[in-house]
Amino acid sequence: MTRENDPNAARKTWMSLLAKSDAGVLSQIWDKADIAPDFRFLRAPEIGGVMVRGRAGAVGAAFNLGEMTVTRCSVTLSGGAVGHAYVQGRDKKKAEVAAQIDALMQTDLAAQVEAAVLAPLRKIAETAKRTRAAKAAATKVDFFTMVRGED
Amino acid sequence: MQAAILEGGFVEAPIDSARAFRQIMTAMAQPGTINEVTGALPPAPLSIAAGVVLLTMCDPETPVFLTPKFDTDEVRAWITFHTGAPFTAANNAAFAVGAWGDLPLNEFSIGSSEYPDRSATLIVETDHLSVTGATLRGPGIKDTATLSLPDAQAFQNNALLFPLGLDFIFTCQSDLAALPRTTKVS
Amino acid sequence: MYVAVKGGEKAIDNAHAWLAEERRGGTSVTELSVAQIREQLALAVNRVMAEGSLFDPDLAALAIKQSRGDLIEAIFLIRAYRTTLPRFGGSEPVDTEKMACDRRVSATFKDAPGGQVLGPTFDYTHRLLDFKLAADGEAPQAPMTDAPPAETPHIMSFLDRENLIQNEPAGPEVPDDLTRAPLELPASRALRLQALTRGDEGFILGMAYSTQRGYARNHAFVAELRIGAVPVEMDIPELGFAVDIGEVTLTECETVNQFQGSKTEPPQFTRGYGLVFGMTERKAISMALVDRALRWKELGEDNVGAPAQDEEFVLYHADNIQATGFLEHIKLPHYVDFQSELELIRKLRREAQAMQEAAE
């Protein structure tokens, strides 16, 4: 399914961003945004594992590579919106906040959450990615042939 | 997704499921005793006891079979959210839920001689569960016990398959009793 | 003879207390934090994650601290912790083509699209001790080059396009899992790869080296080695669609081996594969070589009786937790076993002596 006609594309994007964010950074941005809603747990934060899979030869049959820690949480806001979170690591606060954000993004407060929380998170993630790519690019080899042997 | 469907799970999953596991294990270990369980509020027509068993025993690696009466969107959504268990046909099921007459007994896995544990456990929803009825003998029973069973011949046939065979959990509201393959029914 | 033994509780408590004190070391030296281990002993952390089979750098760092740097003990702690986690599910197979590469080199094609990226490698260091590191305070900065994001296609895909390399067969969507069902032989390739990726680095390295030295000789080229971060995507049942649930750093090694052809296969290149958690280059290359050696049967090659071709030998001895558990248990009390051995030797000695005396 292409991104344009995937009705869940936007939600996937923000859930993925939250899953990969640093727990400390998310907590800081969230507290600063001061938009914590009234909510109830449908599923209190729970730490577990997910089996990460790879493919033999990168393209063949799937195999189990090993697990990673994941924390999940589900909440419902007083208005009825339901938010889910599956986030990397073992930080329960991170999962709780991510579930609240997922729920809020389905309400009228979406634009406010996007500006106060998701946009700064995205910027941090992009900067980190760009910095690492720039360091890698600096170690790219420029070949030049000195002497070409004849035998 | 409606929040209501997603409620009714364990509030304190580690504690609630440990307690429920103990009850289910006791029921299995002492056929003919009835145990009350709590902690689940599943959507109808699932009973509380069937809900507790599903929450305690099922996860993404235990395929579940539902008979048509129990195969509703609400039941599916509830099991999916709280356990992650996939749904399957009877022959691939680790657990099944249904009324006695609706469960296709001959289709479930009875395990293999290398792995007798790779068999199905059937959660049989009943309107009535009491310690009167068929006579039970076998491991976990001092002399004899009695239990209201929906059939006798089927359980006798099942016991003959030992060490292979099916295991049964009978549920009625918040009560449950069990009949493992080791029990002789007469 | 049965000897019941009880006691030692006090001695054990005191031994644990002393262990804790020794772990801390001299108190005139600052205590090591878990974050310091995670950041500054990252390759030890990576090894513990790979062989502990759990990607969580903080936990691996804690395990290293608790085990006083004994990595097998740390792996043991991680394996034990892992078993307490409820399994939420399995991810979609990671797409290493989309890896954000820190390092990416090929020994087969100089001008690979995406280029040769060295990354933070030891390769060209002189292996001379750097005494500057003994003095603290430096925080070096890596140079940066702004570069547009480049695609880094797998180098194997070029050989594949020319049909010069063996195809990788598809397999079941949910692969066999060593941690869920006992290992049965012959093992599927999925099980072999799982056993190798969590196997002991030293053992896999030794096995791989043996293939290079001529035991099941397979002259392997590293077609590609890449290290970097890939997103992990999982289907969330209650949502009905997949989202990224995190990101893991992986090392991937693809080897290409010349292959003369067999009864069933035409002459072509064949492939070995290594994929390991973290920056774990030596392990990933070793894994690819051993994977290739174990594939003799499916490629119709001869079994030359080399250890690396023996699936039972490799898979049953690769796990350092199994190995160390069985090995180290022999130091624990075997008083009863040994008493019977002692009785037996005394009896044999008596009999031998009696026979000798009778002969004289």
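For residue C:223, the test of being aliphatic (A, V, I, L, M) and either assigned to a helix (DSSP H, G or I) or crowded, with 18+ Cβ neighbours inside 10 Å (or both) is passed. In the stretch C:159-176, the residues that are farther than 13 Å from residue C:266 by Cβ reach residues that are open to solvent by 90 Å² or more (accessible area, probe 1.4 Å) with C-beta atoms within less than 6 angstrom, at least six apart or across chains, in these pairs: C:168/A:59.
Only one of the numbered conditions (1) open to solvent by 40 Å² or more (accessible area, probe 1.4 Å); (2) within 13 Å of chain A (Cβ to nearest Cβ); (3) more than 24 Å from residue C:285 (Cα to Cα); (4) without any contact (Cβ under 8 Å) to a residue 12 or more places away in the chain is violated by residue C:135, and that is (2).
State yes or no: is residue C:65 modelled with pLDDT under 95 and more than 9 Å from every other protein chain (Cβ to nearest Cβ)? No, not satisfied. Highlighted here are the helices (runs of 4 or more DSSP H) found entirely within the stretch C:1-88 that include at least 1 residues which are under 19 Å from the mean Cα position of the chain (by Cα): C:34-40, C:42-52, C:57-66, C:71-82.
Entry remark, the stretch A:78-121: residues being of a type in the set (D, E, K, R), in contact with a strand residue (DSSP E or B) (Cβ under 9 Å, 6 or more places away or on another chain) and more than 17 Å from residue C:88 (Cβ to Cβ) number 1 in total.
Of the residues making up the stretch C:234-269, those that are over 23 Å from the mean Cα position of the chain (by Cα) and either within 11 Å of chain A (Cβ to nearest Cβ) or under 30 Å from residue A:88 (Cβ atoms) (or both) are C:234, C:235, C:236, C:237, C:238, C:239, C:240, C:241, C:242, C:243, C:244, C:245. Among the residues making up the stretch A:78-114, those that are within 14 Å of another protein chain (Cβ to nearest Cβ) and under 13 Å from residue A:17 (Cβ atoms) are A:85, A:86, A:87, A:88, A:94, A:98, A:101, A:102, A:105.
Filter the stretch C:162-175 down to the residues that are surrounded by 19 or more Cβ atoms within 10 Å (Cβ to Cβ) and in a loop (DSSP other than H, G, I, E, B), then identify the one that is farthest from the chain's Cα centre (by Cα). Here the answer is C:166. Output the residues belonging to the stretch C:249-280 that are touching a residue at least 60 places away in the same chain (Cβ under 8 Å) and outside any strand (DSSP E or B). Correct list: C:265, C:278, C:279, C:280.
Could you grab me the full set of residues in the stretch A:19-38 that are more than 9 Å from every other protein chain (Cβ to nearest Cβ) and open to solvent by less than 70 Å² (accessible area, probe 1.4 Å)? Listed by number, the residues that qualify are A:21, A:23, A:24, A:25, A:26, A:27, A:29, A:30, A:33, A:35, A:37.
All of (1) over 18 Å from the mean Cα position of the chain (by Cα); (2) of a type in the set (Lys, Arg); (3) facing another protein chain (nearest Cβ under 9 Å) hold for residue A:12 with one exception: (1).
Each row is one residue, and each column tells you yes or no for (1) among the charged types (D, E, K, R); (2) open to solvent by less than 10 Å² (accessible area, probe 1.4 Å); (3) not in a helix (DSSP H, G or I).
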residue: A:75; (1), (2), (3): no, yes, yes
residue: A:97; (1), (2), (3): no, yes, no
residue: A:112; (1), (2), (3): no, no, no
residue: A:142; (1), (2), (3): yes, no, yes
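Within the stretch C:254-273, is even one residue basic (Lys, Arg) and buried (at least 18 other Cβ atoms within 10 Å of the Cβ)? Checked against the condition, which is being basic (Lys, Arg) and buried (at least 18 other Cβ atoms within 10 Å of the Cβ), the stretch C:254-273 yields at least one hit.
Total residues in the stretch C:68-83 satisfying the condition of being farther than 25 Å from residue C:243 by Cβ and within 12 Å of chain A (Cβ to nearest Cβ): the figure is 5.
Among the residues of the stretch B:64-77, those that are more than 17 Å from the chain's Cα centre (by Cα), not small (Gly, Ala, Ser) and not in a loop (DSSP other than H, G, I, E, B) comprise B:73, B:74. Scan the stretch C:298-345 for residues that are of a type in the set (D, E, K, R) and open to solvent by less than 50 Å² (accessible area, probe 1.4 Å) and the total you get is 3.
Only residues that are hydrophobic (A, V, I, L, M, F, W, C), assigned to a strand (DSSP E or B) and in contact with a helix residue (DSSP H, G or I) (Cβ under 7 Å, 6 or more places away or on another chain) were counted in the stretch B:98-156, giving 2.
Please indicate, with yes or no, whether at least one residue in the stretch B:35-47 is more than 28 Å from residue C:91 (Cβ to Cβ), open to solvent by 60 Å² or more (accessible area, probe 1.4 Å) and among the aliphatic types (A, V, I, L, M). Checking the stretch B:35-47: at least one residue is more than 28 Å from residue C:91 (Cβ to Cβ), open to solvent by 60 Å² or more (accessible area, probe 1.4 Å) and among the aliphatic types (A, V, I, L, M). Checked against the criterion of being surrounded by 15 or more Cβ atoms within 10 Å (Cβ to Cβ), in contact (Cβ under 8 Å) with a residue 24 or more places away in the chain, within 15 Å of the chain's Cα centre (by Cα) and more than 20 Å from residue B:29 (Cβ to Cβ), the candidates B:149, B:176, B:105, B:166 yield just one match: B:105. For the stretch A:39-73, taking the residues that are under 30 Å from residue C:167 (Cβ atoms) and β-branched (Val, Ile, Thr), the one that is surrounded by the fewest Cβ atoms within 10 Å (Cβ to Cβ) is identified as A:59.
Residue check, residue C:115 against (1) touching a Lys or Arg at 6+ places or on another chain (Cβ under 9 Å); (2) facing chain A (nearest Cβ under 7 Å); (3) on the phi < 0 side of the Ramachandran plot, all met but one. Which one? Every listed condition holds for residue C:115 apart from (3).
I'd like to verify a number: residues in the stretch C:96-122 that are under 30 Å from residue C:246 (Cβ atoms) and open to solvent by less than 70 Å² (accessible area, probe 1.4 Å), how many? Residues meeting the conditions: 18.
For the criterion of being at the interface with another protein chain (Cβ under 10 Å from one of its Cβ atoms), among the aliphatic types (A, V, I, L, M) and within 29 Å of residue A:44 (Cα to Cα), residue A:117 fails. Applying the set (1) modelled with pLDDT of 95 or more; (2) out of contact with any Asp or Glu (no Cβ under 7 Å at 6 or more places or on another chain); (3) within 30 Å of residue A:41 (Cα to Cα) to residue B:89 leaves exactly one unmet item: (3).
Is at least one residue of the stretch C:191-209 basic (Lys, Arg), part of a loop (DSSP other than H, G, I, E, B) and within 14 Å of chain A (Cβ to nearest Cβ)? Yes: one or more hits. For the stretch C:210-224, check the following and say yes or no: at least one residue is of a type outside the set (Asp, Glu), under 16 Å from the mean Cα position of the chain (by Cα) and at pLDDT 95 or above. No, the conditions are met nowhere in the stretch C:210-224.
The values are calculated or read from the model by the stated rules, or taken from the named source; none is laboratory data. Since the model is a prediction, treat every value here as computed from it, not as a measurement. Because the Cβ atoms are built from the backbone with ideal geometry, glycine has one as well, and the counts that use them run over all protein chains shown. With ligands, DNA and RNA removed, areas are computed over all heavy atoms of the protein, side chains included. Shrake-Rupley method; radii C 1.70, N 1.55, O 1.52, S 1.80 Å.
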